[in-house]
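Have a look at the structure below, then the notes.
The values are calculated or read from the model by the stated rules, or taken from the named source; none is laboratory data. Because the structure is predicted, anything quoted here is derived from the model rather than measured. Cβ sites come from the backbone with ideal geometry, for glycine too, and all protein chains shown count toward neighbours.
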Amino acid sequence: MKNIRSKYLIIGCLLVLLGTSCKKDFLDTQMDTLPTPETIQTTRSSLTGFANAFYAPLNNFVGFNTLDGSFFEAATDDAQQTVTFAQGVIPFNQATLSEANPSTEVNKYYASYEGIRAANFFLDYSSNWRAMITKNRDTVTDVTNYNRDKLFIAAYRGEAHIARAFYYSELIKRYGGVPIVTKTLQQAGNDLTVARSSYDDVVNYIVSEIDRYKDSVVVNWKTNGFSDQDGRFSKGSALAIKARTLLYAASPLHNPSNDLSKWARAATAAREVMVTAGLGYALHTGGYGNYFQGNNALNSPETILAIRRLASNDLERANYPITTTGGASGVTPSHNLVAEYELKGAADPANIYANRDPRLAETVVLNGSTWNGRTIDQSPGAFDNVSKANTSRTGYYIKKFLAPNLDLVNNATAQHQWIAYRYAEVLLNYAEAMNEAYGPDALGPDVASVLSARQALNLVRARTGVAMPAVTAGGKDTFRMVVKHERRIELAFEDHRYWDLLRWNDAAAILNQPIQGVTVTKNANGSFNYAVSNVATRIFRSPAMYYLPFPRAEVVRSNGSIVQNPGY
């Protein structure tokens, strides 16, 4: 992936040259600017350049800077944005989403079609790739490089199909059915608009792309001798995209009749990630919080797909406490979330955070936490006193993903890799789908089933550094609530919560509740008291907000092929 990062500037120029900038109508399936594939110089290097182009839009899907330069969780019940001038979250929190005010999520709409267009163009452009890589080359004396190019370009063409599947999966979770565009060029005079497909049709298209091309991509770039290519779509990431897509399709929002065959199909897809030879995914053994630090995820068997980033301190500047020099407080976890972390041992009346699920201390900076070289004390008169301007309104700060003790005064930087898909999510996807299809303890009719729903979920709870007690009780309905809880805790701040609430049809009930925080006072003996209070109101407009509005400009440009989602 190093070579992909180094070519982003070149890719950007190529995309503009080819008319695929974000200002273009991405549903326009005719390339109406020059040069065309007939006039571009056909070289081996141009093949590689265009094979990298469909990766560039992935930068728009990095979840820790997706909304107001920080985490999307501020649009959920798990967090509150502290920065008063942050505008991107307001349409979600106050239900002002509209076709004229579609929020910054609209960037992902354009980025998705940019990626699809780049993938389509590469597939068209490279259709004669075998001749292109032999042109002006002695394939005998240059056999090593020639064989490498054959491997790379064949894999890249498969990756283009997987990229299309990824971008469509991101579109349908936001908008429902969308237009499916599979060609870059059409004959002059053809209709340039593409009709909107149904949600189920797009799901089937995603699955067909992955099933047809999953064996065309590399199983693992790390293990085949080309680790510099690691980070491209692989067989594992292709299967993970399919598994998540089918889980969403089986969920109540998209499966109102509760067709159990859809849940069974989702379970089978998740199981495929778990058992396919050569993938070898496993839970990280270095500790829960350690997994999200620096480059650790890149070398972990838990990672299925990571979107790689250059070193920076943007995440820390946005989310360090305001009382840490250079910090802005940013997105602060809610007490709604913190209260969900289970007790692992006996309750401590003197410390409400003691003996909790270890993932709490790895995810959230709590009052009394040691953070950035000091102990956080938010009581009146203390250094982190919440009466100071722009301190956390909830009494908490984000810890997960942030590098500790980063010297912002001297502009120190750290690595931050966004983990788009990881094995723990696959286990939880499998647990949810298996429970709905067969119950928490059955293996289902497929003898290849490797785990029950309960066994899969308990693997996540038993992971190194967490070791939470196994869940033993409960039938299907009770276990459903256990799965929802476990996803909230394990996947906190990984851009799952909002979309989970939507697909479960839980958003109207949950996102109309106030955000809670704690006010801290200190006793004479140095212990703390915590008073829970409401710190922000939320409004979720149902049923409209279960989907996002299409940008008004796209509705107008479509000449009727896109009908706006209801309620906007």
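For this structure, a couple of remarks:
- Long-range neighbours under 8 Å by Cβ, at least six apart or interchain, first residue at negative phi within region 513-524, second at pLDDT below 95 and part of a loop (DSSP other than H, G, I, E, B): Thr519/Val386; Val520/Val386
- Scanning region 359-385 for residues that are farther than 25 Å from Glu490 by Cα and assigned to a loop (DSSP other than H, G, I, E, B) gives Gly373, Asp377, Gln378, Ser379, Pro380, Gly381, Ala382, Phe383, Asp384, Asn385.
- Check on Asp357, more than 28 Å from the chain's Cα centre (by Cα) and either more than 27 Å from Asn525 (Cβ to Cβ) or among the acidic types (Asp, Glu) (or both): no
- Test: residue in region 554-566 that is under 23 Å from Gln81 (Cα atoms) and touching a strand residue (DSSP E or B) at 6+ places or on another chain (Cβ under 6 Å): no
- Some residue of region 212-226 being more than 19 Å from Val273 (Cα to Cα), of a type in the set (Val, Ile, Thr) and in contact with a Phe, Trp or Tyr (Cβ under 9 Å, 6 or more places away or on another chain): no
- Residue within region 401-421 that is more than 30 Å from Arg244 (Cα to Cα) and buried (at least 22 other Cβ atoms within 10 Å of the Cβ) present: no
- Condition broken by Asp506, with the remaining ones in (1) more than 22 Å from the chain's Cα centre (by Cα); (2) closer than 26 Å to Ile172 by Cβ satisfied: (1)
- Assessment of region 110-123 against the conditions (surrounded by fewer than 16 Cβ atoms within 10 Å (Cβ to Cβ) and of a type outside the set (Ser, Thr, Tyr)) yields no matching residue.
- Subset of region 134-149 that is polar (S, T, N, Q) and assigned to a helix (DSSP H, G or I) - its residue that is surrounded by the most Cβ atoms within 10 Å (Cβ to Cβ): Thr134
- If you go through region 205-223 and keep only what is surrounded by 14 or more Cβ atoms within 10 Å (Cβ to Cβ) and outside any loop (DSSP other than H, G, I, E, B), you end up with Tyr205, Ile206, Val207, Glu209, Ile210, Asp211, Tyr213, Lys222.
- Boolean, Ser237 is at pLDDT 95 or above, outside any loop (DSSP other than H, G, I, E, B), of a type in the set (Ser, Thr, Tyr) and crowded, with 22+ Cβ neighbours inside 10 Å: yes
- Residue count for region 73-106, restricted to those that are over 18 Å from Arg541 (Cα atoms), modelled with pLDDT of 95 or more and among the hydrophobic types (A, V, I, L, M, F, W, C): 1
- Flag for Val471 being more than 22 Å from Gly289 (Cα to Cα), among the β-branched types (Val, Ile, Thr) and modelled with pLDDT under 95: no
- Residue in region 461-480 that is farthest from Val273 (Cα to Cα), counting only those that are hydrophobic (A, V, I, L, M, F, W, C) and either in contact with a Cys (Cβ under 8 Å, 6 or more places away or on another chain) or surrounded by fewer than 22 Cβ atoms within 10 Å (Cβ to Cβ) (or both): Ala473
- Summed over region 240-262, residues that are buried (at least 24 other Cβ atoms within 10 Å of the Cβ) and more than 18 Å from the chain's Cα centre (by Cα) total 1.
- From Val450, Val483, residue being buried (at least 21 other Cβ atoms within 10 Å of the Cβ), of a type in the set (Val, Ile, Thr) and within 27 Å of the chain's Cα centre (by Cα): Val483
- Yes/no for Tyr281 being surrounded by 15 or more Cβ atoms within 10 Å (Cβ to Cβ), aromatic (Phe, Trp, Tyr), under 20 Å from the mean Cα position of the chain (by Cα) and closer than 18 Å to Glu436 by Cα: no
- Against the conditions (1) out of contact with any strand residue (DSSP E or B) (no Cβ under 6 Å at 6 or more places or on another chain); (2) polar (S, T, N, Q); (3) surrounded by fewer than 20 Cβ atoms within 10 Å (Cβ to Cβ), Gln94 satisfies every one except (1).
- Once region 398-442 is narrowed to residues that are among the charged types (D, E, K, R) and in contact with a strand residue (DSSP E or B) (Cβ under 6 Å, 6 or more places away or on another chain), the residue that is nearest to Gly474 (Cα to Cα) is Arg422.
- Helices (runs of 4 or more DSSP H) wholly inside region 271-351 that include at least 2 residues being of a type in the set (Phe, Trp, Tyr): 288-291
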